[in-house]
1. Only helices (runs of 4 or more DSSP H) wholly contained in segment B:102-182 count here; list those with 1 or more residues that are closer than 20 Å to B:CYS199 by Cβ and within 11 Å of chain A (Cβ to nearest Cβ).
2. Of the conditions (1) of a type in the set (A, V, I, L, M); (2) surrounded by 14 or more Cβ atoms within 10 Å (Cβ to Cβ); (3) closer than 30 Å to A:LEU238 by Cβ, A:LEU109 satisfies every one except a single condition; which number is it?
3. Taking the condition charged (D, E, K, R) and at pLDDT below 95, does B:ARG3 pass?
4. Yes or no: A:LEU194 open to solvent by less than 20 Å² (accessible area, probe 1.4 Å), modelled with pLDDT of 90 or more and either among the acidic types (Asp, Glu) or under 22 Å from A:LEU56 (Cβ atoms) (or both)?
5. From the residues in segment A:84-95 that are of a type in the set (D, E, K, R) and at pLDDT 95 or above, which one is surrounded by the fewest Cβ atoms within 10 Å (Cβ to Cβ)?
6. So which pairs qualify, if the first residue must be in segment A:98-117 and not hydrophobic (A, V, I, L, M, F, W, C), the second must be not in a helix (DSSP H, G or I), the Cβ gap must be under 6 Å, and the two must be at least 6 apart or on different chains?
7. Give me a count of the residues in segment B:109-125 that are touching a helix residue (DSSP H, G or I) at 6+ places or on another chain (Cβ under 6 Å) and open to solvent by less than 70 Å² (accessible area, probe 1.4 Å).
8. In segment A:141-161, what residues are surrounded by fewer than 21 Cβ atoms within 10 Å (Cβ to Cβ) and part of a helix (DSSP H, G or I)?
Amino acid sequence: MALSWKSARWIAFLTLVPILSGCSDRWGWYVVNPTTPSGWTNLTFLMSGLWYTILLSVTAIAISVVLGLLIALPGLSKNPFLRAFNRIYVEVVRAPPILVLILWVYYGLPQAADIQISVFWAGVVALALSDSAFEAEIYRAGIQSIDKGQYEAAQTISLGYADTMRYVILPQAIRRILPAMGNQFVYMLKMSSLVSVIGMQELTRKANELVTAEYRPLEIYSILVLEYLVLILVVSALVRWLERRLTADEAR
Amino acid sequence: MLRNETATIISIRAVSKLFGTFKALDEVSLNVREGERVVVCGPSGSGKSTLIRCVNRLEQHDVGEIVLDGVTLGNTRDSAKVIADTVGMVFQQFNLFPHLTVLDNITLGPVRSRGMSEADAKALAMHYLERVKIPEQAGKYPRNLSGGQQQRVAIARALCMEPRVMLFDEPTSALDPEMINEVLDVMAELAGSGMTMICVTHEMGFARRVADTMVFMDKGKIVETAPPDVFFTAPESARCQEFLQQILPH
């Protein structure tokens, strides 16, 4: 593993030490002390947002990875209208801050389109929309980095556009853009915290609610930081595992 | 040697091609008969590669007409079909697919564009790998092969589409000297089997051995067309004489 257990332990250690060493009278760890009933209740309350954070991010990423490709491909076309569609989409969709997009999709879109949208799907749509513009640019860079000779070779064995993309260009492009996409996954996971503002019961929202009840922001937000740290270490490890898996056959 | 009565398979008629203001091809005409082996030579930038790339429309000519097996090339379905059915190509830089094994490189075309079954395609691929003398490399990835082996895989990949014409675009120019002959031998063997070939190459020994027709190009024009015995001993144009003096061993 590139991010080995050894380095993971070090990161955890270096993060925990300053926090735990702050167990002076300024800190009130009792609020999340797992050995007391109330502390345990608070801790499980904080953790209960984990599932929604994961579900929200994974759904949004899955959609934006597909959407991003569908937006990127017209941008590589010879047709100027298709290219213009790509440019306009990317420029317009990546302009608003994610927070603004979340507010617009949750409060604005239902009014504009006369539809009902749940907090969860508003979050998914806003995150996926915003990310798709960035994914599209990543795909474009990856596909453009593939040598022209690969297209020509595909053409000389009579592959059509779809087959050329599917069997020749994309498998090579995706290997190259995986690190950039991994970055984007981490970013999305973090940005999912913004969906708390419209009432999504994910990690950040749970922490905010507990702070309001217990008045111990320092300890509760410290736990929140740790929760995100662990999540993101897991995502990093998954991305690296995927990178190794995809490049393993070439190295043989 | 070539029988004169075979039908014309490629007819290039007064073809011109511009890259911006640069005239890569300037009213080039050339007929290639079925089974004919044409070797095209000339200084770099003379339009040799552009000429053969127009035959399978990797480049699109601006003026003139190219007729392939009776079909005029253009942006038509018939044109695309006749190219797919008739022409194979080998590139200077091999252009193998680096993420696929040798076998998958070769079977991709037959399976995806011909609708052949995996098993049939694999059998056919192995047949052509035998022919280019590297069946034992079938499971490897291109990066683990030498340049000469990679180019032979590229030849097998083109042959597996069962073309009637093979285009070679400086197939040995990117190779280390010790690997050039293994590729030329495969090409000579192919020539001996009756394949129609247009080869852009500077390998004059190979040309002498296999060519029916030598074509010399300069500045986008065909300057000289002759059988090899005439071409190498008594070239007409001064430009061609000069070129041959430069590249032939003394």
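1. The qualifying helices (runs of 4 or more DSSP H) are B:147-159.
2. (3)
3. So B:ARG3 fits the description; yes.
4. Judged against the criteria, A:LEU194 is not a match.
5. If we filter segment A:84-95 for residues that are of a type in the set (D, E, K, R), which is where we start, we get A:87, A:91, A:94.
Applying the additional criterion that residues be at pLDDT 95 or above yields A:87, A:91.
Details: A:ARG87: 12, A:GLU91: 10.
The extreme case among them is A:GLU91.
6. These pairs meet every condition: A:PRO110/A:ILE117.
7. 5
8. A:ALA141, A:GLN144, A:LYS148, A:GLY149, A:GLN150, A:TYR151, A:GLU152, A:GLN155, A:TYR161
The values are calculated or read from the model by the stated rules, or taken from the named source; none is laboratory data. Remember, it's a predicted structure, so these values are computed and weren't measured experimentally. Don't worry about glycine lacking a Cβ; one is built from the backbone with ideal geometry, like all the others, and counts go over all protein chains shown. Only protein heavy atoms, including side chains, enter the accessible area calculation; ligands, DNA and RNA are left aside. Shrake-Rupley method; radii C 1.70, N 1.55, O 1.52, S 1.80 Å.
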